[in-house]
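Worksheet for the structure shown next.
Computed from the coordinates by the stated procedures, all read-outs in this text should not be read as laboratory data. Computed from a prediction, not measured in an experiment: that's the story for all the values here. FYI the Cβ positions are ideal-geometry reconstructions off the backbone, even for glycines, and counts take in every protein chain you see.
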Amino acid sequence: MNRKTALLSAAAIWIMAGPGIANIDIPIAYLEQQVERPAVLTNLDRPPEDIGLMGARLGLADNAQTGSFLGHEYSVSETIVPLGDDWLEAARTVLAEHRILVVHAPAEKLLALADLPEAEGALIFNASAESEALREDTCRANVLHTMPSYAMRADALMQFLVSRRWTDLVMITGQRAADMEFAEALRNSATKFGARIRAEREWDMSSDMRRNIGQEFPLFTQDFPSHHVMLVADEAGDFGPYLEFNAWEPRPVAGSAGARPDAWSDRVEAYGAAQLQERFRRTADRTMRPVDYAAWAAVRSVGEAVTRTSSADPDVLRDYILGDRFELAAFKGAAITFRDWNGQMRQPMPVATRTALVAMPPMEGFLHQSSTLDTLGRDRPETACTAFN
Amino acid sequence: MIRTTVSALALMALSAPALAQEVWISNERDQTVSIIDVQTMEVVDTIEVGARPRGIMFSHDYSVAYLCASDDDTIQVIDVETREILHNLPSGENPETFVLHPDGRHIWISNEDDNITSVLDVEERRIVAQIPVGIEPEGKAINHAGTIAITTSETTNMAHWIDTETHEIFNNSLVGSRPRDAEFTTDDKRLFVSAEIGGGLHVFDTETFEEIVEIRFEIPDVHPHDIQPVGFRLTEDMTRAYVALGPANRIAVVDIENYEVIKYHQVGRRVWHMAMSNDETLLFTTNGVSGDVTVIDLVRQEPIKTIQVGRFPWGAAYRPADS
């Protein structure tokens, strides 16, 4: 009790003393749609229930500290919609009170939310959906994306492979929608950067083969032509983790398993990231996942824009975030900005195994006339998004 | 006769020899300090220190070195003659950088993980104040008058102006992303702050707290992302700033009268910090990734030597020869 009072009076002193202080409230909503998790082979890796939410909470804590010096009061309301509940009803309720949203939901749910009449003029951050279409044909002016797309992830990995001259590839894909989308992105990336996917096979996911991996995979991969690296598109982490050391040829695995490109990895340590990892660990009592990072980056982007504009108006913030002056220090070695043609956050992306960072693309030598970060994912000339014009 | 001479020599050998000019380098990943003899430009000693050594500096009389042993949560005091750790001082958690007040008695410390600036009394060996600041406090500076302390906070993107008497923040200046280092000019009229991700060197008027200018850097064939100003030093006569540019692997030479970049010196990989000789003729830069120190001759204006040190050299401090 005493401590709280002391802190409050300290804050009061700063507020009185500092010039340019404006008291502003910045209410942000975290909105999550729970989804059914696909069953995977191993029972050992149970994903935490609070992925995303903890990232938003850390972002709030980071913003609040900065805000305390400027008279900016941040809050994050948390709404988690259980399976089977009415998503749009929940979304309407949130939109009635909030104009800034961080959303952790599948692409179609996000899109339905963004198209609500109540969502017009809101500032919505997509912190989880990787679908390419959301950034392209079905892009929406009120949606920015802190989560990278499948294409960005595929490009990050492919740049790394090509920079090592490991250009002969084979690919094994799963049968779920996310696997298909990521596989398609990997194919496109291979074409874009001059690698070859020499053969592909689809893994029939119907059998539980924990006990006979050693017999199944060598046979399954025996006919592959010679290759440097085996790609795997298995986003749920079902069979992919078992590929390494069980294929016919001893080749590294990359993609959804092995060396994996992502928005974030708990193996990122440079660029001050050790501090972010530590702050996150203290907040969540676990390591930071990609969706945590994307939610954190969304809340921090709002914070950075509020700090620089002294405004909580979603239009002002959106303009600033998409403008030239915005930059977020986001622990990946380069200032984070947003693409003004589709609202996608530009970012370096770690390629990492579960134990070590492999690389942090964009790789050296992949050049671009304005930002090397735009070598990852679809670039301005190729975009199908028109909502930002 | 002969006997007397011998014993005199023996006495001389026993008493400490005059120390040469040295530069002390903290090696973040090796838990060591490398000591470079400036005359020979070689590492003459490597001493074992605490975990994750980063900030390093000497007392005003150069009798001891202070070292942030970040992961041991302490400031170590090292005797410069014997190279022995005399004692550990309280520092608050995870001390990263620090600055010694002109009174020679108070060290202002950035506690990186706790969003705190701690003030340590080295005589009483206790923390006398803890000041809440922004997230990831980093750069530290105190003006020559000893009245104002600066803490930069990397995630809050501010320079906090702290009254050294009352220990209260009396102003906050927004700077570019990820502010790192701070230093006042000799006349205390200007404050310089580097912004690693923002990519600029910000100059503030210490009367109005207004930004005078932001100095930007451009290097042919180096991507702007890689130009990340971190440590820097200002010359006594207020004509030059030497700025470490991180992964650009360069030291920028800036004319701080006209705010123009004059030259870039190529150094080792990922240059963090630097030490300057007291006569301002030599600069020693810590190159984190290449694990070495580049020596730049500031008169001839060129790098003259690379000295291998430990893994991830971070901080550097210069001490003159004993007279």
Problem - Partner lysines for residue B:189 [C-alpha distance under 18 Å; skip if fewer than 8 residues away on the same chain] - result: B:140
Exercise for the section: Report the local net charge at residue B:40: Lys and Arg +1, Asp and Glu -1, summed over other residues whose C-beta lies under 11 Å from its C-beta. Expected result: -2
Handout entry: Charge dipole (debye, nearest 20) of chain B; +1 at Cβ of Lys and Arg, -1 at Cβ of Asp and Glu
Key = 880
Handout entry: Estimated [θ] at 222 nm from DSSP helical runs (n ≥ 4, -39500 (n - 2.57)) normalised by residues in chain A, nearest 500
Key = -11000 deg cm²/dmol
Exercise for the section: Just report the Cα centroid separation between the stretch B:252-281 and the stretch A:301-370, whole Å. Expected result: 29
Completion exercise
In order over the stretch A:131-142: 3J(HN,Hα) from phi, Karplus 6.51/-1.76/1.60, θ = phi - 60°, whole Hz, x for each Gly or Pro, gives 4, 5, 4, 4, 9, 10, 4, 9, 5, 10, 5, 8
Handout entry: Nearest 10 degrees, 0 to 90: helix A:150-163 Cα axis against chain A principal axis
Key = 60
Handout entry: Separation between Cα centres of the stretch B:67-140 and the stretch A:95-141, rounded to whole Å
Key = 47
Practice task
Return A:109, B:305 ranked ascending by Cβ neighbour count within 10 Å, so the fewest neighbours appear first.
Solution key: B:305, A:109
Practice task
Apply the Kirkwood formula to the stretch A:264-389: the hydrodynamic radius equals the inverse of the mean of 1/r over all pairs of different alpha-carbon atoms; give it in Å with one decimal.
Solution key: 15.8
Problem - Isolated Cys in the protein assembly as shown, by beta carbon distance under 4.7 Å - result: B:68
Handout entry: Highest-MSF residue in chain A out of A:357, A:317, A:44 [GNM, Cα springs under 10 Å]
Key = A:44
Completion exercise
Nearest 10, in degrees from 0 to 90: the angle of helix B:2-14 to the longest Cα principal axis of chain B is 30
Fill in the blank from the handout: Rounded to a whole number, the Stokes-Einstein D of the stretch A:151-261 in µm²/s (Kirkwood radius over Cα pairs; 37 °C; 0.692 mPa s) is 240
Fill in the blank from the handout: With the label point 7 Å along the Cα-to-beta-carbon line of residue B:86 and a cut-off under 11 Å to each amide N, the hits in the stretch B:51-77 are B:59-66, B:77
Completion exercise
Quick calc, the protein assembly as shown, dipole around Cα centre from Cβ unit charges on Lys, Arg (+) and Asp, Glu (-), nearest 20 debye, gives 1320
Problem - Residue exposure sequence - A:372, A:386 - by fewest surrounding Cβ within 10 Å - result: A:386, A:372
Practice task
Straight distance only, please: which lysines reach the Cα of residue A:192 with their own Cα at less than 27 Å, same-chain residues fewer than 8 apart left out?
Solution key: A:332
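What does the average come to when, for each residue of peptide A:326-335, you count the partner chain Cβ atoms lying within 10 Å of its Cβ?
6
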Problem - Under 23 Å from residue B:263, Cα to Cα: lysines that are on another chain or at least 8 residues apart - result: B:305
Handout entry: Cβ-based charge dipole, chain B, positive-most Cα from B:209, B:100, B:31
Key = B:31
Problem - Selection from A:117, B:293, B:122 lying farthest towards where the dipole of the protein assembly as shown points positive, charges on Cβ - result: B:293
Exercise for the section: Taking only Cα atoms and a 10 Å spring cutoff, compute GNM fluctuations for chain A and point out the largest among A:173, A:355, A:287. Expected result: A:355
Handout entry: Loop-resident sites, the stretch A:240-271, for chymotrypsin sites (Phe, Trp or Tyr not before Pro), counting at most 10 other Cβ within 10 Å (DSSP)
Key = A:245
Practice task
Sum up the charges of everything whose Cβ sits under 11 Å from the Cβ of residue B:310, counting Lys and Arg as +1 and Asp and Glu as -1, but leave residue B:310 out.
Solution key: -2
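Can you check what the net charge comes to around residue A:358, using other residues whose Cβ is under 12 Å from the Cβ of residue A:358 (Lys, Arg +1; Asp, Glu -1)? Present the calculation step by step, with values, prior to reporting the outcome.
Numbers: positive: A:164, A:260, A:267, A:354; negative: A:262.
Summing Lys and Arg as +1 and Asp and Glu as -1 gives +3.
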